[in-house]
1. Report the residue count in the range 87-125 for those that are basic (Lys, Arg), surrounded by fewer than 19 Cβ atoms within 10 Å (Cβ to Cβ) and within 22 Å of Gly160 (Cα to Cα).
2. When you check Ala64 against the structure, is it of a type in the set (A, V, I, L, M, F, W, C), surrounded by fewer than 22 Cβ atoms within 10 Å (Cβ to Cβ) and out of contact with any helix residue (DSSP H, G or I) (no Cβ under 8 Å at 6 or more places or on another chain), yes or no?
3. Go through (1) open to solvent by 10 Å² or more (accessible area, probe 1.4 Å); (2) aliphatic (A, V, I, L, M); (3) over 28 Å from Gly136 (Cβ atoms); (4) without any contact (Cβ under 8 Å) to a residue 40 or more places away in the chain for Leu195 and report which single condition fails.
4. Considering only the range 240-253, I want to know if a residue exists there that is assigned to a loop (DSSP other than H, G, I, E, B), more than 24 Å from Ala180 (Cα to Cα), small (Gly, Ala, Ser) and open to solvent by less than 50 Å² (accessible area, probe 1.4 Å).
5. Kindly establish whether Ala355 is in contact (Cβ under 8 Å) with a residue 12 or more places away in the chain, of a type in the set (A, V, I, L, M) and either outside any helix (DSSP H, G or I) or surrounded by fewer than 18 Cβ atoms within 10 Å (Cβ to Cβ) (or both).
6. For the range 317-324, check the following and say yes or no: at least one residue is surrounded by fewer than 22 Cβ atoms within 10 Å (Cβ to Cβ), under 21 Å from His58 (Cα atoms) and under 22 Å from the mean Cα position of the chain (by Cα).
7. Hey, His66 hits all of (1) in a helix (DSSP H, G or I); (2) modelled with pLDDT under 95 but one; which does it fall short on?
8. All but one of (1) under 21 Å from Ile170 (Cα atoms); (2) not in a loop (DSSP other than H, G, I, E, B) hold for Ala322; which doesn't?
Amino acid sequence: MHHVIHNVQFFDGYGLRLGNVEVQDGRIAAVDSDRQTGNDIDGTGKFLFPGLVDMHTHITPASARHYLASGVTTVRNTAGNFEIIKAMDRIAPAVHATYRMIDGDPGLWGPTSYGNISTNDAEEARRGVDELHAQGAGFVKVYGNIQEDVLAAVVEQAHGYRLPVAADFIHSKMIDGVKAARVGIDWLEHASGILQSLYPAFHSQLSDEEFEAVAAEPLDEERLDEVLGMLLDADVKLVPTLTLYRHLAEGKQFAASAIAASKQLSMLEMDDNFEIKAQFESIAPHVTKEMQRREKWAYEKVGVIAQRYMDIGGEIYIGTDAPAGIWNYPGISLIEEMLEFEALGLPRNDVIRKATEEACASIGYENKGRIARGYDADLVLLDKNPLDDLTHLLSVHTVIRAGEIHRLEDIYSHTIDRDALMQLFEKVAAKYGGEV
């Protein structure tokens, strides 16, 4: 498709420029074009930004359109299933994916199934890495019950394929962030394992009495600098998912009133194919006051970790874990997470650059995330300027994904074949064992 967005204010990475942005064959052909085509867009009074990137999420065909509706044109899918991810149609973001994650046995998500490989056997874990490589995964994900020798085998096998290894060690009792870095982990999801490095007695399954003792300990600033220095030396990247911790601690409390009032939230909660409101409401009664207290403690500590790691030059990225946890929504929660980074002291234009160009570069998408000649045309046209307020990122008028124009109303009118999707789920469950 060939079109020009005329007379638009577009983000150049640092501020806004007025110009005409030409898109051809899925790429930005020029940023100062005087061409006219039959598909042109009048950008007068509007604002053009690179599409956003959620650096930690779990996308499915049922949720895909909701990312686009919030201006998210790329996601880093941190565990899922190859067949299900590949079933998404064109009304979806680009997906930088891993598929089945590798955990110990017993697995935190149960025995081996469509979404995980649970094993204490190093050779079986290596075969799991082989499977991911054959499927074209962009990285490998390990989970909290993995044993150290199995982790070492996974890292060696993955690095042999030049695949980074990401770890979620929130629930780990055996491996902390420092040990993970020494083994060769490349990413710590949720900034996990670092709390265990700072508080050696801590793990997520502590009794109330044991947690009270840990929570009473002041943060050792010298130890924090030592731990983060070791992670920095090992080039470990962090995705803190602060919004996940905050919603677990506070419930359905949004970072800004504009998010609660957004069309995106309304459409998400009315989506009968996705049914996220029912999912969260079924979880809510099980979120106890004690759990909320623990999550608030973790939220506050991870915020300190994130800010300090940025201050010393560590790589840290913006992701959500949506729709995990509770009241954590695809698309919308990325805007909330961007507000968290702004609250940490990052200037607004730097937050946007981190959620676009920097995110793309970190996963090898060198031609995404900028409005410049030769870059992929993954763009979002907005009615309001997010450099004034990050919640204006939800004022989506049009999304351009791989050069194709999607009006917001078209995104929301798009439907999926629910029966076909359920049949696929059943087929996948039978193939891998377990239930979907």
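1. 0
2. No; evaluated as a whole, the condition is false for this residue.
3. The number of the failed condition is (4).
4. The answer is yes, given that some residue of the range 240-253 is assigned to a loop (DSSP other than H, G, I, E, B), more than 24 Å from Ala180 (Cα to Cα), small (Gly, Ala, Ser) and open to solvent by less than 50 Å² (accessible area, probe 1.4 Å).
5. No, not satisfied.
6. For the range 317-324, residues surrounded by fewer than 22 Cβ atoms within 10 Å (Cβ to Cβ), under 21 Å from His58 (Cα atoms) and under 22 Å from the mean Cα position of the chain (by Cα): present.
7. Every condition holds for His66 apart from (2).
8. With (1) under 21 Å from Ile170 (Cα atoms); (2) not in a loop (DSSP other than H, G, I, E, B) applied to Ala322, the lone miss is (2).
The values are calculated or read from the model by the stated rules, or taken from the named source; none is laboratory data. The structure displayed is predicted, hence computed values, not measured ones. Heads up, the Cβs are rebuilt from the backbone with ideal geometry, glycines too, and the neighbour counts pull from every protein chain shown. These area figures cover heavy atoms from the full protein model, side chains too; ligands, DNA and RNA do not enter into them. Shrake-Rupley method; radii C 1.70, N 1.55, O 1.52, S 1.80 Å.
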